[in-house]
Every structure is written in structure tokens, then in C-alpha cells.
1. Just to be sure I understand, how many residues within segment 3-32 are in contact with a strand residue (DSSP E or B) (Cβ under 8 Å, 6 or more places away or on another chain) and at positive phi?
2. Given the residues 132, 151, which is the only one that is under 30 Å from residue 19 (Cβ atoms), in contact with a strand residue (DSSP E or B) (Cβ under 9 Å, 6 or more places away or on another chain), in contact (Cβ under 8 Å) with a residue 40 or more places away in the chain and surrounded by 12 or more Cβ atoms within 10 Å (Cβ to Cβ)?
3. Does segment 39-56 include one or more residues that are touching a strand residue (DSSP E or B) at 6+ places or on another chain (Cβ under 6 Å), within 18 Å of residue 146 (Cα to Cα) and either touching a residue at least 24 places away in the same chain (Cβ under 8 Å) or surrounded by 12 or more Cβ atoms within 10 Å (Cβ to Cβ) (or both)?
4. Being crowded, with 16+ Cβ neighbours inside 10 Å and assigned to a loop (DSSP other than H, G, I, E, B) narrows it down to one of 141, 146, so name that one.
5. Could you give every pair whose Cβ atoms fall below 6 Å, whose first residue belongs to segment 1-14 and is in a loop (DSSP other than H, G, I, E, B), and whose second residue is surrounded by fewer than 14 Cβ atoms within 10 Å (Cβ to Cβ), counting only separations of at least 6 or pairs across chains?
6. For residue 91, only one of the following conditions fails: (1) surrounded by fewer than 15 Cβ atoms within 10 Å (Cβ to Cβ); (2) touching a residue at least 60 places away in the same chain (Cβ under 8 Å). What is its number?
7. If you go through segment 16-67 one residue at a time, how many are out of contact with any helix residue (DSSP H, G or I) (no Cβ under 6 Å at 6 or more places or on another chain), part of a helix (DSSP H, G or I) and within 30 Å of residue 110 (Cβ to Cβ)?
8. Could you check how many residues of segment 89-123 are part of a loop (DSSP other than H, G, I, E, B) and either assigned by TED's automatic domain parsing to the domain that holds residue 32 or within 25 Å of residue 138 (Cβ to Cβ) (or both)?
């Protein structure tokens, strides 16, 4: 058996249309399809039918579900639920998946685009350190309008691997200009 990599990440949001708008405008994502368009209540999926598949609560419904393409990395699946959930302000200290990282070529330009579309930019950009240290290697975190923590990263200089490492870090293909 060979695992090939992360195909998509799922994010639950309070407003599917607003989250789609953020991903499209701030991150250049493309909406591939809407399994459950939020304006088509007849397509909602009840919790009873989903519970055996993935443990979804039986008393909830999926009232919005869209798949987006984000650059040449993992896809993003957005969920809107009924009853609705409150957006959470995620941080690194929370258990489970607490953020995702997007590779960018120009971290300042990307940060300004995120800010222009409502993201709260945290302190940065910051120089990478330890095995990720190198000229131009930087990270910069933001929090989306719906509470998700996103790390931007750029690594134009080689990384330093621990002795005995059997693979190199996956990075998206270089952007053709």
C-alpha cells in the first residue's frame, strides 16, 4: 500500500458563500462543484444517512458542501451545517488539525491580498529557523474571517534534513511567470 499525499482538507464554516468568496478572491481558488448548494435545500444531507459513514451527528444536516481547487496542492472541502456552528478562532495550541499552510512565491504580496479580503494578519513575515533556515525562507500566519488559521510559507533556499531522513519535504511546483 502506498499513500500518495493529502487530497483535500475539510473546513466547517458558518457561511459557505462567504467562505467560497474568501478562498476565490484571497487565495485564487476555483470552485469545482457544489454537492450541496446552500440555496437548494432539497439537496441537504441529513445526519442519519451520514453518521455510519463518518460519525456525523444524527441531529445535524449538511446544508452546504463545496469542493475547491487551491493551486497545485490539496483541495479544500467546505461544509455549512444546520443547526449552524459558530466560527472558532483557531490557534496552534488546540488539539487536532489547527492550521494549514499555503506555499507562496511572494509572501508580502500574498499577505496583503489576504488582508485585503478580510484576513487578520499576525506578526510577520518571520524568518524560518532550524532546519528551515535559509535566505528568503519565511512564514506568516493569518486568521480568516471565519476563524481558520492559515500559514503562508516560502522556502526558496534548500532545507536542512536530519541525518537518516529518507525523503525530502514535498513542495508545490514552481510558479511559471
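The values are calculated or read from the model by the stated rules, or taken from the named source; none is laboratory data. Keep in mind that this is a model prediction, so the values were computed, not measured. Note that we place each Cβ from the backbone using ideal geometry, even for glycine, and neighbour counts take in every protein chain shown.
1. 0
2. Within the list 132, 151, the selection yields 151.
3. Taking every residue of segment 39-56 in turn, none turns out to be touching a strand residue (DSSP E or B) at 6+ places or on another chain (Cβ under 6 Å), within 18 Å of residue 146 (Cα to Cα) and either touching a residue at least 24 places away in the same chain (Cβ under 8 Å) or surrounded by 12 or more Cβ atoms within 10 Å (Cβ to Cβ) (or both).
4. Just a single option satisfies the conditions, and that option is 146.
5. Listed by first residue and then by second, the contacts come to 14/84.
6. With respect to (1) surrounded by fewer than 15 Cβ atoms within 10 Å (Cβ to Cβ); (2) touching a residue at least 60 places away in the same chain (Cβ under 8 Å), residue 91 is out only on (2).
7. Total meeting the criteria: 11.
8. Selection size over segment 89-123: 17.
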